[in-house]
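All of the numbers you see were taken from the coordinates with simple rules; none came from a lab. Given the structure is predicted, the values throughout are model-derived calculations rather than measurements. Note that we place each Cβ from the backbone using ideal geometry, even for glycine, and neighbour counts take in every protein chain shown.
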Amino acid sequence: MIQKSIEIGGKTIRLESGKLAKQAHGAVTVTLNETVVLVTAVSAEESMRDPGFFPLSVDYREKFYSTGRIPGGFFKREGRPTEKEILSARVIDRPIRPLFPPHYRNETQIMAMVLSMDNENDADVLAGLGASAALSISDIPFFGPIATVRIARVDGDFVLFPSLAEVERADIELIVAGSAESIMMVEGEAKEVSEKDLLEAITTAHEAIKKLVGVILEMKQEANVPMRDVEEKTYAEGLEERVTELGKTLITDAIRLTEKKERRTALKAANATVMEALEEEFPECEDDIREIMHDIEKDEVRKMIIEEGKRLDGRGLTDIRPISCETGILPRAHGSALFTRGQTQSLGVVTLGTGSDEQIVDAIEGESKKDYMLHYNFPPFCTGEAKPIRGVSRREVGHGNLAERALRPILPKDGSFPYTIRIVSEVLESNGSSSMATVCSGSMALMDAGVPVSNAVAGIAMGLVKEGDKIAVLSDILGDEDHLGDMDFKVAGTRNGINAVQMDIKIDGISRDIMEQALEQARVGRLHIMDEMDKAISEPREDISPYAPKIYEFKIKVDKIGMVIGPGGKTIRHIIEETGVTIDIEEDGTVRIAAVDGESANKARGMIDKLLEEPELGKAYKGKVKRVKDFGAFVEFLPGKEGMVHISELDLARTNKVTDICNEGDIIDIVVKNIAPDGKIALSRKMYLMREEKKKQDQASE
């Protein structure tokens, strides 16, 4: 059994192997305080066939027993992965994927299981650390190790592996993964911070990463498991030379076509020409020919960028594609905006709801509610493809979450805007960075909906081509530049600073200098995009849509909440059915009435006020006779409030029989004559009649 401990930022992290899941090729338990996660790595001994890609799957699952809870809902077992689990799996996957041999094709699976959760320390970064350790001590070919840390800036100080409470207070929160030499991945959010501050956070995290990598290297040396051999990809003798001879010029000409569709058509034609020419000479080598042609395309594109500073669509390295923005294009939506940048287009739509529209999240930490959400949809037609839709993909969840975090800091806080906000991004075209287009369309749609946001937010994706010592940082990358390049670095923020970042690379890592250059180019590009957005809408509309519910807010005494709700919710349901409004009542007595028109809201407010109204001595009311006795009548004059009219108080003249004046169900006018200390209320119809008689006399004398 291998056990290692390390102290990072005053917290002790323990890694252990050899006790659990011993049949896995690599298994490591990572512990921080009372949070424990088991991570296993298994890879098939042989590749049954070459699927054309590396079949790596990463699963992260949070077990409810880890916090002593039973899952909610009808089925009392964990179901499909939650959004949090999907996002955590992506954080584990992205930094390790580039570190396997290029032609390794064996089915490989990483599984992370949260066994214990102390509700203080999140397990996601521990799982990332465990994945690297499990791979490193196994025989699976992996060019690691790397380490993953979370860093937050709380009250001006950087905190490594912050608690959940510290994350809530932080103005920077990042997950950073890297090797001892360089950074591999960054994911996180901030509250309009500067590029300098963000870079400082990443640099601080890297110092901790170096120490953790050292611990994993010690585990690897103690395990002493030789890495399995991976056969290098070989082609038929002379095939590479012949494909290069026939295809290089065709590809070079094709990649200089600046229009995407023409370029793709020319590249397909080049492939077909080479295939046909080599069909007899190299039979059954179609896949190899395709692969060599792709490698030539990649080399030539990168060469054009590095040597000529020219990109696939003819732009320079820092040029932004043409931008157009429109708002209010959907007549019945509460807010809408169309953002188009080159061949990437996002339709952002905002819907404003009430408290009853909040999303209920059942997680291992407990049940919570979300009053703001962003959903990102990426239909096949946006890339000109026809594919079956099989639910929301992990990519859609990840891109939506990135955009959601980018827009969160500008939303009104402290309950000043009592609406549930849902943003939907429909990606209608995609040729690079649709998630950043989502940020832009979402920002404008919020303003169009009249949401009092503090600033506009824009996003941009940066790319990188690195050949030896030569580098080219690209602003606003295309889809092909992402595919053929070395980095995808998304940065979103306001004019004041950065709100969200996500960086993935396909090489061994990047230096601080490259990251600094990318952040500065992103800042300049972001400001340019916001200038274009401002031409369409620069501040929130004064009023929300007439189709959005109007929310009227007031407070009642906490001890009166039950009276408004009624037994089994009967009273509040009656008000809702009678007026057509939506009513939400908070535990502190805050009441929110949502209605499309003010008349319905006023009616509902009046019904609630009636429920809560206290009897006032000497005040006149209309009441309903509930019961008739020989000595008088019991009258309900306010909801749930009854008083008695004694037979002597029913009329100006003597009353011999109560039923001579009123019967059960009659509506009569009364005045509150007396309120006894024990709460009993005496009513008088006689006093009401006397007042009316006096009014008539006064009017006659005038």
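Between the stretch 1-71 and the stretch 245-321, what is the separation of their alpha carbon centroids in Å?
41 Å
Report the Cα-based extents of the chain along its three principal axes, largest first, to the nearest Å.
The Cα atoms of the chain stretch 123, 59, 49 Å along the principal axes, largest first.
What whole-number value in cubic angstrom gives the convex hull volume per residue for the C-alpha atoms of the stretch 550-612? Mind showing how you got there, number by number?
Values: hull volume 4.2 nm³, N = 63.
In the stretch 550-612, the Cα hull volume divided by residue count equals 67 Å³.
Assuming 0.36 nm per residue, please report the length gained on full extension of the stretch Asp508 to Leu115 beyond their Cα-Cα distance.
Working it through step by step, the gained length comes to 138.3 nm.
In square nanometres, what is the average projected area of the Cα convex hull of the stretch 70-137?
Hull-based average projected area comes out at 6.1 nm².
If the limit is 23 Å between Cα atoms, which of Lys570/Lys624; Lys550/Lys622; Lys76/Lys369; Lys626/Lys673; Lys557/Lys641 go over it?
In this structure, Lys550/Lys622 exceed 23 Å between Cα atoms.
Just to confirm the number: angle between the C-alpha axis of helix 434-448 and the first principal axis of the chain, 0 to 90 degrees, nearest 10?
Between the helix axis and the principal axis of the chain, the angle is about 20 degrees.
Select from Gln521, Ala633, Ile565 the residue farthest towards the positive end of the dipole of the chain; place +1 on Cβ of Lys and Arg, -1 on Cβ of Asp and Glu, and compute about the Cα centre.
Ala633
Residue by residue, what Karplus-based ³J(HN,Hα) values in Hz, rounded to whole numbers, does the stretch 282-293 have, using 6.51, -1.76 and 1.60 with θ = phi - 60° and x for Gly and Pro?
Going residue by residue, I get 10, x, 6, 10, 4, 5, 5, 4, 4, 5, 5, 4 Hz, with x marking Gly and Pro.
Can you give the FRET efficiency for Lys624 and Tyr547, using 1/(1 + (r/R0)^6), R0 = 41 Å, r = Cβ-Cβ distance, to the nearest 0.05?
Efficiency, from the Cβ-Cβ distance: 0.60.
How far is it, in nm, from the label point at Lys680 to the one at Lys557 when both lie 7 Å from their Cα along the line to the Cβ?
2.2 nm
Taking neighbour Cβ counts within 10 Å as the exposure measure, how do Thr108, Thr318 sort from fewest upward?
Working: Thr108 23, Thr318 15.
Starting with the residue having the fewest Cβ neighbours, the order is Thr318, Thr108.
Once the Cβ-Cβ distance between Val361 and Gln697 is put in as r, and R0 is 56 Å, what FRET efficiency do you end up with, to the nearest 0.05? Each step should come with its number before you reach the end.
Details: r = 68 Å, r/R0 = 1.22.
Once the sixth-power term is evaluated, E becomes 0.25.
Relative contact order of the stretch 111-214: what whole-number percent is it, with Cα pairs under 8 angstrom and at least 6 residues apart?
Dividing the mean separation by the residue count of the stretch 111-214 yields 24 percent.
Quick check: the distance between the Cα centres of the stretch 620-640 and the stretch 442-499, to the nearest angstrom?
About 70 Å separates the Cα centre of the stretch 620-640 from the one of the stretch 442-499.
Taking just the alpha carbons, could you work out the radius of gyration and Dmax for the stretch 620-701, both in angstroms?
Reported Rg and Dmax, both Å: 12.9, 43.
Restricted to Cα positions, what overall size does the stretch 302-459 have along the principal axes? Three whole-Å values, descending.
Computed over the Cα atoms, the extents are 56, 33, 31 Å.
What does the extension gain come out to for Glu642 and Gln23, with contour length at 0.36 nm per residue minus their alpha carbon separation?
215.3 nm
Using amide H atoms built in the peptide plane, which far-off residues or other-chain residues are under 5 Å from Ile183 H to H?
Amide H neighbours of Ile183, under 5 Å, 5+ apart: Ile510.
If you average over every viewing direction, what projected area does the convex hull of the Cα atoms of the stretch 292-360 give, in nm²?
Working: hull surface 35.4 nm².
The directionally averaged projection comes out at 8.9 nm².
Highest first, please rank the peptides 572-580, 496-504 by the mean number of other Cβ atoms sitting within 10 Å of their residues.
496-504, 572-580
For a footprinting-style exposure proxy, rank Ser416, Ser47 by other Cβ within 10 Å, fewest first.
Going from sparsest to densest Cβ surroundings: Ser416, Ser47.
Lys pairs in the stretch 219-336, Cα-Cα under 27 Å, at least 8 apart or on separate chains: how many?
The result is 21.
What are the trypsin sites (Lys or Arg not before Pro) within the stretch 343-400 that DSSP puts in a loop, where the Cβ has at most 10 other Cβ atoms within 10 Å? Can you show the working numbers first?
On the way: sites: Lys369, Lys370, Arg390, Arg394, Arg395; in loops: Arg390.
Within the stretch 343-400, the qualifying trypsin sites (Lys or Arg not before Pro) (loop, at most 10 other Cβ atoms within 10 Å) are Arg390.
Can you divide the C-alpha Rg of the stretch 51-179 by 2.2 N^0.38 Å and report the result to two decimal places?
1.17
Neighbouring Cβ atoms within 10 Å as the yardstick, rank Thr340, Thr203 fewest first.
Ordered by Cβ neighbours within 10 Å, fewest first: Thr203, Thr340.
Given the DSSP H assignment, sum -39500 (n - 2.57) over each helix run of at least 4 residues in the chain and divide by its residue total; what's the result at 222 nm in deg cm²/dmol, nearest 500?
-10500 deg cm²/dmol
So how do 558-569, 607-618 stack up, highest first, on mean other-Cβ count within 10 Å?
Result, highest mean Cβ count within 10 Å first: 607-618, 558-569.
If exposed chymotrypsin sites (Phe, Trp or Tyr not before Pro) are those in a DSSP loop with at most 12 other Cβ within 10 Å, what is the longest stretch of the chain that has none?
Details: sites that count: Phe53, Phe74, Phe75, Tyr547, Phe631.
Answer from the scan: 76-546.
How large is log10 I(q)/I(0) at q = 0.15, 0.17 Å⁻¹ when the Debye formula is applied to the Cα atoms of the stretch 366-490, each weighted equally and without solvent?
The Cα Debye sum returns log10 ratios of -0.78, -0.93.
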